[in-house]
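Step one of this worksheet: look at the structure below.
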Amino acid sequence: AAAAAAAAAAAALWPRFGRGGPTAWKTLRAGVTVRVRRARRRVSTMCSQSGVKLIFKTLGVLKAMGVIFMIVVGSLCCSQVNFQLAFGEHMVGLGAAIIVLAIFVAPNMYVGYHGASEHNRFYLTVHVVFELAIMLSIFIVAFTLFGISAPTHDLALKSDCILNEPESATAEACQEFLQSDRTAGMRLVWLNTFLNGRSDAQQYQLLSEMQKEYDCCGFGPPLRCETDTRPYPPDRPASALPNGYGSQRQFCGPEEDFYVELEADECVHYVDVTVVPPVVGGCRMDFPVGECAFDEVGGGDSGCMVGMEAYMMGQVDAFAWGLVAVGIMALISFVAGCCLCWKRKKADAMPDYINKEPWDPFAKKQKRTLLTLDADEEEGSEDQEDPDDIKGNKGGGKPAQRPSDWKPTDETKDAKGAGATIHP
């Protein structure tokens with residue numbers, strides 16, 4: 001396989017470089033070499049102290065926005081009851097975890113920036129350790145949110161089962177879907193929004209726009225109500241719903257297939273209008289809003305369960321993707337911190353005096369003589385410039401001679417060892 005790939009690559013490059021001979025291949029190789037060198041230069045620049053400081057400055061601004069995002073997301077997960085009704089009360093724990101992580105992100109970013117500014121390995125090590133823990137925790141929370149919001153049934157099955165007359169789905173499959181915990185959670189969200197919409201125009205508008213977008217009416221399939229006396233899942237705070245709507249999963253009207261009767265201006269349908277008073281069957285739709293509540297039901301009419309699930313899943317997925325972005329920032333900060341922490345400081349290089357000829361620190365006289373000679377060289381004394389002066393012959397003529405009884409002393413020996421010529 002490798003040989004075949006190499007042959008294919010050669011065949012593709014031959015029309016461009018084959019006719020040019022060795023010169024074309026040298027040009028190609030030179031261009032590749034230049035690009036590789038430029039890439040290495042960029043990497044070395046980014047791994048330098050100034051490059052890492054720039055990275056930390058940029059990440060500081062981005063992480064500030066990430067911290068605000070995390071605090072908002074955590075607060076919504078803890079305070080918005082709709083998330084708990086749809087996915088369970090463990091959303092409160094996830095929201096609290098997100099807020100705690102947000103609190104640790106900002107101080108750790110300061111520690112990393114201080115370590116990069118001073119090239120302090122202790123601060124950088126602390127930053128890297130905590131950044132790794134924060135990054136892993138953020139990714140764990142993000143993928144937990146992805147798992148919570150993952151669909152439990154096929155979209156085609158759900159779309160078919162919420163019709164008044166299902167086309168291809170079997171009765172057993174539709175019953176399993178309509179009685180599932182996911183459907184029960186979404187029903188709680190719809191009921192909570194519907195009941196709050198009686199006094200909150202924004203909640204009412206939310207359901208109205210959802211019905212228009214998905215061309216549906218109410219939550220469940222029209223005229224297909226089936227009483228379900230089972231309680232809601234224990235992790236759903238169903239007791240938050242008023243009027244006892246949270247005591248069981250599904251209430252139906254007095255007549256078969258009809259849903260619960262609502263207020264007169266919301267949804268009231270009669271099964272027999274020839275008698276006085278007319279016989280009320282309930283409501284053909286499952287807690288509808290708007291004008292569709294008074295429409296006749298056709299075989300293609302559907303409920304809005306799919307739309308409500310998509311709405312709640314979209315919000316949780318947006319939270320999860322935002323956390324993934326913050327986790328990627330933490331990953332970049334972790335890599336940059338490791339790069340600078342492992343990089344040798346400029347001060348760690350060999351100092352200049354190491355390259356000089358060593359001397360014995362215990363030879364005090366030798367040290368003093370060397371320092372005197374160095375001072376004379378720097379001052380440019382006339383004795384060193386005149387060779388006759390060095391030999392003790394300032395007047396010129398024949399140089400002075402040593403006495404016959406002269407013997408070297410310790411001082412002259414030390415001076416000779418230093419390479420100087422001193423007249424006795």
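One table, with the values for the structure above:
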| read-out | value |
| --- | --- |
| Residue within region 153-169 that is open to solvent by 10 Å² or more (accessible area, probe 1.4 Å), over 19 Å from G299 (Cα atoms) and of a type outside the set (A, V, I, L, M, F, W, C) present | yes |
| Given (1) in contact with a strand residue (DSSP E or B) (Cβ under 8 Å, 6 or more places away or on another chain); (2) β-branched (V, I, T); (3) surrounded by 19 or more Cβ atoms within 10 Å (Cβ to Cβ), number of the condition T193 does not satisfy | (1) |
| Close pairs from region 329-348: first over 18 Å from F139 (Cβ atoms) and at pLDDT 85 or above, partner assigned to a helix (DSSP H, G or I) and open to solvent by less than 70 Å² (accessible area, probe 1.4 Å), Cβ under 9 Å, at least 6 apart | none |
| All positions within region 236-246 that are open to solvent by 40 Å² or more (accessible area, probe 1.4 Å) and modelled with pLDDT of 90 or more | none |
| Hits in region 83-110 - residues which are open to solvent by 30 Å² or more (accessible area, probe 1.4 Å), in a helix (DSSP H, G or I) and not hydroxyl-bearing (S, T, Y) | H90, V92, G93, A96, A97, I99, V100, I103, F104, A106, P107 |
| Search result, residues across region 161-174 that are under 12 Å from M305 (Cβ atoms) and in a helix (DSSP H, G or I) | C161, C174 |
| Filter result (within 22 Å of V289 (Cα to Cα) and open to solvent by less than 50 Å² (accessible area, probe 1.4 Å)) within region 170-190 | T183, A184, G185, M186, R187, L188, V189, W190 |
| Residue check, F177 farther than 26 Å from E266 by Cα and of a type in the set (F, W, Y) | yes |
| Residue among T58, T45, T33, T27 that alone is of a type in the set (V, I, T), at pLDDT below 90 and open to solvent by 80 Å² or more (accessible area, probe 1.4 Å) | T27 |
| Test for E213: is it loosely packed, with under 15 Cβ neighbours inside 10 Å, closer than 27 Å to W321 by Cβ and touching a residue at least 40 places away in the same chain (Cβ under 8 Å) | yes |
| Answer from V289, V316, V306, V260 - the residue that is closer than 30 Å to A106 by Cβ, open to solvent by less than 40 Å² (accessible area, probe 1.4 Å) and at pLDDT 85 or above | V316 |
| Which numbered condition G244 fails, given (1) part of a loop (DSSP other than H, G, I, E, B); (2) in contact with a Lys or Arg (Cβ under 8 Å, 6 or more places away or on another chain) | (2) |
| Cross-chain or 6+ apart pairs with Cβ under 7 Å, region 286-301 first and outside any helix (DSSP H, G or I), then among the aromatic types (F, W, Y) | D286/F219; D286/Y259; F287/W190; F287/F194; F287/F219; V289/F194; V289/Y204 |
| Single condition A150 does not satisfy, out of (1) buried (at least 16 other Cβ atoms within 10 Å of the Cβ); (2) among the hydrophobic types (A, V, I, L, M, F, W, C); (3) over 15 Å from D228 (Cα atoms) | (1) |
| Residue count for region 263-285, restricted to those that are part of a loop (DSSP other than H, G, I, E, B) and surrounded by fewer than 19 Cβ atoms within 10 Å (Cβ to Cβ) | 11 |
| Among (1) hydroxyl-bearing (S, T, Y); (2) free of Cβ contacts under 8 Å to residues at least 24 places away in the same chain; (3) more than 22 Å from P151 (Cβ to Cβ) - the single one T170 does not satisfy | (3) |
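The values are calculated or read from the model by the stated rules, or taken from the named source; none is laboratory data. This is a predicted model, so every value here is computed, not measured. All Cβ positions, even for glycine, are placed from backbone atoms using ideal geometry, and neighbour counts span all protein chains on display. Surface accessibility is based on the protein's heavy atoms, side chains included, excluding ligands, DNA and RNA. Shrake-Rupley method; radii C 1.70, N 1.55, O 1.52, S 1.80 Å.
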